[in-house]
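The values are calculated or read from the model by the stated rules, or taken from the named source; none is laboratory data. These numbers were taken from a predicted model, which means no experiment stands behind them. As a convention, Cβ positions derive from the backbone with ideal geometry for all residues, glycine included, and neighbour counts pool all protein chains shown. To get the accessible areas, we keep the full protein, side chains included, count just its heavy atoms, and leave off ligands, DNA and RNA. Shrake-Rupley method; radii C 1.70, N 1.55, O 1.52, S 1.80 Å.
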Amino acid sequence: MIQDVLIVGAGFGGMYGVYKFRGMGLSVKAVEAGSDVGGTWYWNRYPGARCDVPSLEYSFGFSEELEQAWEWPEVFSAQPDILDYANHVAERFDLRQHIQFNTRVTSITWRDGDQVWELGTDTGETLRGRFVVMATGCLSVPNKPNLPGAARFKGQVLHTGLWPHEEVSLEGKRVGVIGTGSSGVQAIPELAKQAGHLTVFQRTPVYTVPANRKRMREAVQQEFKDNYREIREMQWRNAGGVSGFRPLKSAPSRANQPDVGPAASGVTGIPGGDSGGGLRIKAMTPEQREQVVEAGGLGMILAFRDIYSDIEANDIANELFRSQIRKIVKNPEVSEKLLPKDYGIGCKRQVLDRDYYDTFNRNNVSLVDLRETPLDTITETGVQVGSDHHELDVLIYATGFDAMTGALVRANITGRDGVTLRDKWADGPVAFMGLQMRGFPNLFTVTGPGSPSVLCNMLVAIEQHVNWIADCVAWMRENEKATIEPLEQSEIDWVAHVNEVAEGTMYTVPSCNSWYLGANIEGKPRIFMPYVGGLPRYREHTDGQAENNYPGFEVLG
Ligand code: FAD
Ligand code: NAP
């Protein structure tokens, strides 16, 4: 059987794809490597995993019934609650009947004669479809660095992005964690509570600010529910896909954190997802800057507008940040090691934490600075760093992901004339609006490189992409067109535009080595992958293409 649409992945992107294409009366099948829905929230079950976008915003907007039915327990929900939400969506819309689980797509090949895509799987099946939608996720391929001696370790080895489904008992154990990005920072305080002793192996210190920890108040949730249509519109108009809606009618909360807004500072983990704020750090005296932080917390440093594009302002903010951490971490030697010094705020995805710095005041936690003394080798019983051997029962990798391109390249996609995506992207991803690649007709990517994706509330980005792809497929069918793919020039122009808008931001300064740039993966070309121009500007491009019958694409009948 030839499916109208084959979807790879059953995270939020694949789930919404199934709902959308089925609703159009098309035959649709999704294939998922995991045993159930949820994607990110299915795989990342490590202690402390949670959202850095308020849950009332990090939720689907396509169904009013869903919006009204679902109750969020916290302002920023934890992984189990987000996974419950994914399960609820799957059940409410009866999606699982269209999803084949426990199946990894291992090859995707264009058959020009029949104008179909053929998908090979690790279960030995071949699936055929007219259109393919890659909903494989931007952060779905865990990165496990090839550390010397790693295979020798006899204890338990875990990765935050592949956390076991069964309970992991760390009680009384000597636990080591490598990595201090968002995953490590979320996990470390929880691991410290559970482990006998926790050793943190840090290569690059992080800038992290306290997350909002409030329980959801019923009145606030109700006000969101009463205003969801307007709120979804506000999300579409915001650079980071976050509405910034503040409840007006609900009695104000007595706690010092807002009811919907993100951290004490009023910022999310999303650049541009902030509700704004006109503060400029350079225009203030040192005393005024201190006062801002004292009044609003550490996260207020992120609200200064000028720090994201002005290096001098950024340096002032970095120093202000460091001065605050010195006050929290009691041991000055440990404190100095925790201070980022060779890159600035705004280069990497902003990290939000719960008691990260305080955790280093515990007497069962030690910090190993791998910049000071590099890791020599992993042994049978631990990690050797210089003359110190750290004995461990459990070693946890919180070492991130081969982001944005990893899952797409690994799916072994071969387009027209035998050209592979791996080859096409050898020097970095080339795509039109992060939605399609020339040479790969009728194959679409959800939140692909060159789209706002990871710089956005991703549920909003996912809905926008799936809607655009569905409209395109509907238009193709109405107009009896067989194939669509971008013009070569469209790709060239788009990549140039993506680079142009990223230039001059903190994301691309030479000192910045983020996964946005592929800098976390050895040998990966250094290219800034997401679109930093913001969701509204991006939508002008995507909507413009659809409204004008896809002038940037080659459409064959
Ligand atoms: P995913 O959820 O990654 O799903 C992709 C699915 O495709 C996976 O289940 C994978 O198994 C499957 N797959 C991939 N390749 C294949 C293949 N070849 N064959 C079969 N199946 C395949 N975003 C935010 O906006 N806010 C947040 O607060 C936030 N927090 C995050 C926290 C963590 C720990 C991580 C890792 C990411 C976070 N993100 C966040 C980003 C998150 O990935 C997205 O919000 C969203 O869940 C992505 O959904 P998706 O469906 O696009 O991809
Ligand atoms: P990450 O940000 O890439 O961090 C990986 C960490 O591992 C870094 O500290 C890195 O150090 C370290 N590392 C990698 N290779 C190493 C090596 N060979 N030796 C020593 N250290 C090594 O990955 P992540 O923390 O999983 O986060 C990835 C993204 O997922 C986030 O940016 C965010 O978008 C999303 N996420 C979000 C949340 C949330 O709050 N909602 C939580 C988790 C993840 P270097 O910096 O030196 O490379």
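Using the beta-carbon distance between residue 246 and residue 123 and R0 = 45 Å, what value does 1/(1 + (r/R0)^6) give for FRET efficiency, to the nearest 0.05?
It comes out at approximately 0.35.
Annotation for residue 305 and residue 496: the two label points, set 7 Å from Cα along the Cα-Cβ direction, are 3.1 nm apart. Label zone of residue 381 (point 7 Å out along Cα→Cβ, amide N under 17 Å): in region 160-197 this covers 173-176, 197. Counting Cα-Cα pairs of region 1-86 in 5 Å increments starting at 0 gives whole-percent bin shares of 3, 14, 22, 21, 18, 13, 6, 3, 1, 0.
Which of the peptides 385-391, 226-232, 456-462, 202-208 is most tightly packed, and how do the rest follow, judged by the mean count of other Cβ atoms within 10 Å per residue?
Details: 385-391: 13.7, 226-232: 15.7, 456-462: 25.4, 202-208: 19.6.
Output ranking for 385-391, 226-232, 456-462, 202-208: 456-462, 202-208, 226-232, 385-391.
For residue 284, tell me the accessible area in Å² from a 1.4 Å probe, rounded to the nearest 10. Counting only protein heavy atoms, residue 284 exposes about 40 Å² to solvent. Counted residue by residue at 0.36 nm each, then reduced by the alpha carbon distance between them, the extension gain from residue 146 to residue 478 reaches 114.5 nm.
Of all beta bridges DSSP finds with both residues in the chain, what is the antiparallel percent, to the nearest 5? Walk me through the numbers on the way to the answer.
Numbers: 27 of 65 bridges.
Restricted to the chain, the bridges split so that about 40 percent are antiparallel.
Bridging of residue 481 to aspartates and glutamates at a Cα separation below 16 Å is possible for 4, 112, 114, 471, 554, once same-chain residues fewer than 8 apart are set aside. Nonpolar atom fraction for the chain, defined as the carbon and sulfur part of the 1.4 Å probe accessible area, stands at 47 percent.
For the pair residue 556 and residue 162, label points projected 7 Å from Cα toward Cβ lie 4.0 nm apart.
If you build the Cα gyration tensor of region 421-533 and take the root of 5 times each eigenvalue, what three semi-axes come out, in whole angstrom, biggest first? Write down the numbers at each step before the final one.
Details: eigenvalues 145, 50, 28 Å².
For region 421-533, the semi-axes come out at 27, 16, 12 Å.
By the helix-only formula, in which each DSSP H run with n ≥ 4 contributes -39500 (n - 2.57) and the sum is divided by residues, the chain has a 222 nm mean residue ellipticity of -9000 deg cm²/dmol.
Applying 1/(1 + (r/R0)^6) with R0 = 56 Å to the Cβ-Cβ distance of residue 288 and residue 107, what FRET efficiency is obtained, to the nearest 0.05? If you can, show how the numbers build up before the last one.
On the way: r = 60 Å, r/R0 = 1.06.
Calculated value: 0.40.
Over the chain, average the accessible area per residue using a 1.4 Å probe and give it in Å², no decimals.
Numbers: 22340 Å² over 557 residues.
Per residue, the chain has an accessible area of 40 Å².
Between residue 503 and residue 230, the modelled labels are 4.1 nm apart [label points 7 Å from Cα along Cα→Cβ]. Pairs from the list 144/524; 20/348; 348/424 with a Cα-Cα gap above 23 Å: 20/348; 348/424.
P(r) tail for the chain: Cα pairs beyond 29 Å make up 54% of the total. With Cα atoms defining each centre, region 520-557 and region 400-428 are spaced 17 Å apart in the structure.
Remark: the residue 323-residue 92 segment gains 78.2 nm on full extension, using 0.36 nm per residue and subtracting the alpha carbon distance. Of all aspartates and glutamates in the structure, the ones whose alpha carbon falls short of 16 Å from that of residue 225, not counting any fewer than 8 places away in one chain, are 57, 64, 65, 67, 71, 74, 233, 259.
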